[in-house]
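This report refers to the structure that appears directly beneath it.
The values are calculated or read from the model by the stated rules, or taken from the named source; none is laboratory data. Just so we're clear, the structure is a prediction, and the values are computed from it rather than from any experiment. Here Cβ is always computed from backbone atoms with ideal geometry, including for glycine, and neighbour counts include all displayed protein chains. Accessible surface is based on the protein model in full, side chains and every heavy atom, while ligands, DNA and RNA are left aside. Shrake-Rupley method; radii C 1.70, N 1.55, O 1.52, S 1.80 Å.
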Amino acid sequence: MAQQNDQFKKIIAHCKEYGFIYQSSEVYDGLSAVYDYGPLGSLLKNNIKEYWWKSMVQMNNNIVGIDAAIFMHPKTWKASGHVDAFNDPLVDNKTSNKRYRADVLVEDYMDKIEAKINKEVDKAQKRFGDAFNEQEFRLTNQRVLANQAKMDDIGGRLATAMTDGDMEGLKQLILDLEIACPESGSKEWTDVRQFNLMFSTQLGNIAGEEGKLYLRPETAQGIFVNFLNVQKTTRQKVPFGIAQIGKAFRNEIVARQFIFRMREFEQMEMQFFVKPGTELEWYEKWKETRLNWHKALGTPESKLRFHDHENLAHYANAAVDIQFDFPFGFKELEGIHSRTDFDLKAHQELSGRKIQYFDPEENANYVPYVVETSIGCDRMFLATLSNCLIEETLTSADGKESKRDVLKLHPAIAPIKCAILPLKKNEPGIVEKAKGLFKELSFSFQCQYDDTGSIGKLYRRQDAVGTPFCVTVDFDTLEDDTVTLRDRDTLEQIRVPMSEVESIIREKVNMKNLFV
Ligand code: ATP
């Protein structure tokens, strides 16, 4: 656990030191759970978005993209259920006055039991070595079975209370488990209350409730209300999808895990409209497709897992999270939901407009069912950094050891693809060649010209920000127009003609490599 905390702290410090992420309004001591992306952060975030957009819109003839407004007619949120049911259960500790999400307190308690089970399994693994059969051990060990039964019982009670909106049941669960406030250790809790997560604001020219607007808490509704517009103007036939990347806002009760839980964040969502009755088939297909999207970036399978929802949201008939092993444990990175026809039907009813699709094959009208994939861009950013930031020990030819921080990003999403480093910053011939190369390569991909230190130091800096290639221009370049090309991961340095640098790097950083 301590090691995990250290890793998390290291990522946060790294983000600030190299200009990936800053606390918002830092000069005023910051605004809680709001963050700004710096020069390198915005490049990396854009690349993540591009990878997602390409995989959805560019690579699928039956998925189109839109960019809907953040503000929507207030009735949208009535129809979607967000006004009445977009709540988190909050509870205050009477001693510390700290506010918590009641369900998260219980989940954290369950995480501790799970950690005990895993410890037991690890111990047995060490004891039995190769002969160890984990599945059998989990099914027969008395301590593991007892803890598993405890978890199942708590999970069941939590799911029932959440589904039924039973706040008293939730409080009773906290009391029964004797959960203490992590700050004060006190077990004195207030009643659990529902708290709506939507931010509201007011239209300039209309007073009172009538003029109340919400900052959208999800991008999906912009897609639903545009379903007919898009279907008619693009002549798409079911099954087809609409994709969108955009900001969403949630007044999160507890937001203290850096960019994991923000009050303003960005979502990448795709709603796939299908014929009723086929939705679970598509749901399975999208589960697989989305897992493969993550794996293509080099994320090991052991750091990803599916987690089925125990308490389904009011609109879903199946739902799963893709969880990632963040430094603070496995948590939701992406949600895949079979949303039935709930949203389109609700908008149809409240607007009084017919929102249906005429299926020429069936010769019938129907409200399509929807399978949604929804991923937070910021959580994806955090997962990427957690997966790729590595401390390596290097051994030089004379046996000396040194450490380097290296961000092993897939070259296709690295913020800077190539750094051009002149061996001497005051040598006119070298500078001219290096600047010429920078200008030429910049037409093709993001480069950086850096002459602010020794080559060794500059290499370390580029390693730390994930630059897959460095090119050094030196005295030999003046003689034969060759440069040194250094690979971030293998540390291999090869001499190549300047005229070939662009094509070598372009091939390696091409996003196509993520799709084939
Ligand atoms: P959680 O249970 O963690 O609150 P959620 O189930 O409410 O998340 P969804 O409504 O399914 O999340 O949103 C889809 C995706 O949007 C999530 O998988 C996550 O990646 C992202 N997301 C949701 N809330 C936040 C937030 N406050 N900050 C950053 N990303 C978020």
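Below is a table of values for the structure above.
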{"quantity": "Bins of 10 Å from zero: percent of alpha-carbon pairs in the stretch 251-311", "calculated": "15, 31, 40, 13, 0"}
{"quantity": "Spin-label pair GLU107/GLU188, simplified geometry with 7 Å Cα→Cβ offset, distance in nm", "calculated": "2.9 nm"}
{"quantity": "Phi to ³J(HN,Hα) by Karplus 6.51 cos²θ - 1.76 cosθ + 1.60 over the stretch 81-95, Hz, x for Gly, Pro", "calculated": "x, 5, 5, 8, 10, 8, 10, 10, x, 10, 9, 10, 8, 5, 7"}
{"quantity": "Ellipsoid semi-axes in whole angstrom, largest first, where each is sqrt(5λ) of the Cα gyration tensor of the chain", "calculated": "43, 32, 24"}
{"quantity": "Sum of side-chain charges, TRP189 neighbourhood, beta-carbon under 10 Å (Lys, Arg +1; Asp, Glu -1)", "calculated": "0"}
{"quantity": "Beta bridge orientation in the chain: antiparallel %, DSSP, nearest 5", "calculated": "85 percent"}
{"quantity": "Residues whose placed amide H lies under 5 Å from that of VAL465, excluding near-sequence neighbours", "calculated": "LEU407"}
{"quantity": "Value of relative contact order over the chain, rounded to a whole percent, pairs C-alpha under 8 Å and six or more apart", "calculated": "14 percent"}
{"quantity": "Residues in the stretch 86-119 reached by a label modelled at PHE328 [backbone nitrogen below 18 Å; 7 Å Cα→Cβ]", "calculated": "88-93, 98-115"}
{"quantity": "Residue-span extension gain [PHE515 to LYS9] - 0.36 nm each, minus C-alpha spacing", "calculated": "178.9 nm"}
{"quantity": "LYS345 accessible area, assembled protein chains, probe 1.4 Å, Å²", "calculated": "80 Å²"}
{"quantity": "Net charge over other residues, Cβ less than 11 angstrom from the Cβ of GLN493 (K, R count +1; D, E count -1)", "calculated": "0"}
{"quantity": "Karplus-derived HN-Hα couplings along the stretch 372-388 (A = 6.51, B = -1.76, C = 1.60, θ = phi - 60°), whole Hz, x at Gly and Pro", "calculated": "10, 10, 9, 10, x, 5, 6, 5, 5, 4, 5, 4, 4, 5, 4, 6, 9"}
{"quantity": "Only Lys, Arg (+1) and Asp, Glu (-1) charged, at Cβ; the chain dipole about Cα centre in debye", "calculated": "480 debye"}
{"quantity": "Kirkwood estimate for the stretch 386-467, i.e. one over the average of 1/r between Cα atoms, Å", "calculated": "14.0 Å"}
{"quantity": "Chain lengthening between ARG235 and LYS424 when straightened (0.36 nm per residue, less Cα-Cα)", "calculated": "62.1 nm"}
{"quantity": "Solvent exposure of the stretch 107-174 as accessible area per residue, Å², 1.4 Å probe", "calculated": "66 Å²"}
{"quantity": "Label-point separation, ALA124 to ASN205 (7 Å along Cα→Cβ), nm", "calculated": "7.0 nm"}
{"quantity": "Residues with amide H under 5 Å from that of TYR449, placed H, sequence gap 5 or more", "calculated": "ILE420"}
{"quantity": "Within the accessible area of the chain (1.4 Å probe), percent carbon and sulfur", "calculated": "48 percent"}
{"quantity": "Two-decimal ratio, the stretch 287-335, of alpha-carbon radius of gyration to 2.2 N^0.38 Å", "calculated": "1.20"}
{"quantity": "In sequence order, calculated HN-Hα J values of the stretch 131-138 (Karplus, 6.51, -1.76, 1.60; Hz; x Gly/Pro)", "calculated": "6, 6, 10, 4, 4, 5, 4, 5"}
{"quantity": "Using alpha-carbon coordinates, inclination of helix 102-128 to the longest axis of the chain, degrees", "calculated": "60 degrees"}
{"quantity": "Over 29 Å between alpha carbons, listed pairs LYS247/LYS512; LYS275/LYS303; LYS16/LYS94", "calculated": "LYS275/LYS303; LYS16/LYS94"}
